[in-house]
Amino acid sequence: MSEVLPVMTHEHITSGTTDEAVTRTHRTPLGLYALALASFAVGLAEFVIAGLLPDVAADLSVSAGSAGILVTTYAVGIIVGALALTTAFSRLPPKSALVQIGVFFIIGNLLSALGPNFEVVLAGRIIAGMTNGAFLGMGIVVAVSLADARNQGRAIATMLGGLTLANVLGVPLGTALGQQFGWRVVFGVIVALAVVATVAIVAVVPHVASAPTSSLADLRHLLNRQALLAMGIATFGFGGMFGAFTYVALTLTKVSGYPTSAVPWLLVLFGIGLMVGNVLSGRLVDRALDATLAGSLMGLLAVQILLGLLAGHPVVAAISLGLMGMFGFAAAPGYQQKVMRHARAAGAIASGAPIAAVNLGNALGSWLGGLLITAGLGYTSPIWMGAVATGLALVLLAVAARTALKAAQ
């Protein structure tokens with residue numbers, strides 16, 4: 001699948017002496033683990049807010065729907081960071097770019113932890129979101145540089161493994177910690193993790209060849225039909241999952257009947273599902289990209305319909321939560337690969353484009369879910385909205401396959 005990689009190949013970082021290549025090969029696992037640690041920190045910052053949303057709303061004296069803006073604006077920040085900041089940082093050596101991104105991420109989360117009012121916390125979330133998007137865009141550039149062409153999907157999955165671990169351990173433990181000591185303490189922990197991750201990047205991530213620089217003019221390379229369809233699939237597919245997940249604490253407590261204290265442990269099921277989906281996808285996406293995406297999205301749609309119908313049954317709700325995480329995140333490496341495959345002419349910005357696409361879905365999903373709840377349509381309405389979005393992602397996947405088949409004839 002060498003055509004999937006639009007930015008760098010393994011050969012670019014192993015050119016030179018044999019000793020240099022061997023040394024770089026031995027350092028590769030540590031480099032990927034450092035990236036995974038950093039993705040754990042950014043994943044915790046992004047996802048833990050869902051479990052803390054009722055507490056944040058109460059502390060900042062805003063409604064639950066208004067507090068959802070903290071999710072929406074973070075996702076919008078990721079979109080801006082994945083495109084604009086990834087483009088800007090592509091002019092720097094990738095390792096230096098990651099370190100600078102880490103510093104700004106720390107600043108953003110400090111504002112969230114210490115902000116005296118909703119507006120300051122919101123500003124911190126925007127800054128952190130922008131650096132989140134830039135980190136994922138540049139981090140994937142580095143991750144694929146540390147793998148040969150046949151294992152790029154697995155390298156991306158290893159890096160994104162930090163995001164899944166953030167959901168398995170970070171979100172439930174962070175939610176429990178926030179309920180016990182206050183949500184601001186959780187953001188303090190995120191700051192500490194970000195400091196450690198940034199130091200780890202300095203220490204063990206090797207210097208890799210810079211990707212071809214991009215400019216915003218290269219966005220035109222994202223406008224071919226297959227690239228646009230791929231980004232649409234990512235937007236609707238990821239938005240379908242996280243639009244529902246943003247308000248899952250309210251669904252579990254208001255509809256399923258669980259006490260607030262049970263929410264952190266129920267989120268463990270979602271996180272375990274993410275981890276399983278990520279591992280499975282890492283093994284399958286390099287072999288059968290479209291089939292992996294189709295299977296993941298069909299499974300997600302079935303689970304969303306089940307949860308929408310039976311959210312009032314506690315056991316069904318808990319099982320569905322885990323399955324939603326598994327099928328939803330099994331598609332994530334596939335989104336990345338599919339967009340990069342069809343937008344490779346855009347250079348470094350191609351690695352940021354799928355990040356922007358999935359977080360556009362995240363932003364729209366959380367925003368629409370908040371509107372539905374505020375309109376009085378009930379706490380399962382974000383789940384049904386997610387099911388519609390997932391169905392649209394499947395339609396776009398079918399259109400993309402048919403378009404590719406016609407082009408090949």
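The values are calculated or read from the model by the stated rules, or taken from the named source; none is laboratory data. Quick caveat: nothing in here was measured; it's all calculated off a predicted structure. Heads up, the Cβs are rebuilt from the backbone with ideal geometry, glycines too, and the neighbour counts pull from every protein chain shown.
A few remarks follow.
- Being out of contact with any Cys (no Cβ under 6 Å at 6 or more places or on another chain), within 22 Å of S66 (Cβ to Cβ) and aliphatic (A, V, I, L, M) is a description that applies to L364.
- If you go through region 68-84 and pick out every residue that is more than 18 Å from P354 (Cα to Cα) and either touching an Asp or Glu at 6+ places or on another chain (Cβ under 9 Å) or assigned to a helix (DSSP H, G or I) (or both), you end up with 3.
- Residue in region 129-143 that is surrounded by fewer than 24 Cβ atoms within 10 Å (Cβ to Cβ) and either over 27 Å from T73 (Cβ atoms) or at pLDDT 80 or above (or both) present: no
- Test: S39 is outside any loop (DSSP other than H, G, I, E, B), farther than 26 Å from G370 by Cα and of a type in the set (S, T, Y): yes
- Scanning region 165-188 for residues that are modelled with pLDDT under 75 and among the β-branched types (V, I, T) yields a single hit, V168.
- Residue, nearest to the chain's Cα centre (by Cα), within region 175-206, restricted to residues that are in a loop (DSSP other than H, G, I, E, B) and within 19 Å of P94 (Cα to Cα): V205
- The residue list L266, L323 contains one member that is under 19 Å from the mean Cα position of the chain (by Cα), closer than 24 Å to G370 by Cα and hydrophobic (A, V, I, L, M, F, W, C), which is L323.
- Residue in region 44-67 that is closer than 26 Å to A357 by Cβ, modelled with pLDDT of 90 or more, of a type in the set (G, A, S) and assigned to a helix (DSSP H, G or I) present: yes
- Output for region 76-112, where each listed residue is under 19 Å from the mean Cα position of the chain (by Cα) and closer than 12 Å to V195 by Cα: I101, G102, F104, F105, I106, N109
- Scoring T87 on the criteria (1) hydroxyl-bearing (S, T, Y); (2) without any contact (Cβ under 8 Å) to a residue 24 or more places away in the chain; (3) closer than 21 Å to V358 by Cβ leaves a single failure, condition (2).
- Residue selected from region 241-262 under the condition touching a Leu at 6+ places or on another chain (Cβ under 7 Å) and either part of a loop (DSSP other than H, G, I, E, B) or farther than 15 Å from L53 by Cβ (or both), by the criterion modelled with the lowest pLDDT: M241
- Test: residue in region 6-15 that is of a type outside the set (S, T, N, Q), at pLDDT below 80, farther than 30 Å from D290 by Cβ and out of contact with any Gly (no Cβ under 7 Å at 6 or more places or on another chain): no
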